[in-house]
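Asker: Quick one: the structure is below, and I'll ask about it shortly.
The values are calculated or read from the model by the stated rules, or taken from the named source; none is laboratory data. As the structure is a prediction and not an experimental result, all values here were calculated from the model. All Cβ positions, glycine included, derive from the backbone under ideal geometry; neighbour counts span all protein chains shown.
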Amino acid sequence: MLSPEDVDLVAGLRKVSELMPGIAFDIVMETLPAETEREFGRILVALGETLSDRAERREPPERAIDGRGTADSLGPQ
C-alpha cells in the first residue's frame, strides 16, 4: 500500500508527464510565458527533492552519499 506521500509523488509525476509535451513545445516555439516556466521549474524541483528524500529513506543506513547528495554507485553526474 502506498503512503500518502507516495500517492502525492505519483500524482505529481503524472501531472508533469501531462504538462511536458506542451511545455516542451512552448520552449521550442519560444512562447512559454516566464511565470509558467518558473512554476513548472518549481514543480520539478519539488518532485526532485521528494524523490531524493524517498530514496534516502529506502536505502540501507550504511549507503554512502557523496558531496552532491547522490549515491556513489550512480557514477559521475
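Asker: Which one of 70, 50 is surrounded by 10 or more Cβ atoms within 10 Å (Cβ to Cβ), of a type in the set (Val, Ile, Thr), at negative phi and modelled with pLDDT under 85?
Answerer: Values: 50 fails: modelled with pLDDT under 85.
Within the list 70, 50, the selection yields 70.
Asker: What pairs can you find where one residue is in region 19-36 and within 21 Å of residue 47 (Cβ to Cβ), the other is aliphatic (A, V, I, L, M) and surrounded by 12 or more Cβ atoms within 10 Å (Cβ to Cβ), and their Cβ atoms are less than 6 Å apart, with a gap of 6+ or different chains?
Answerer: 26/32
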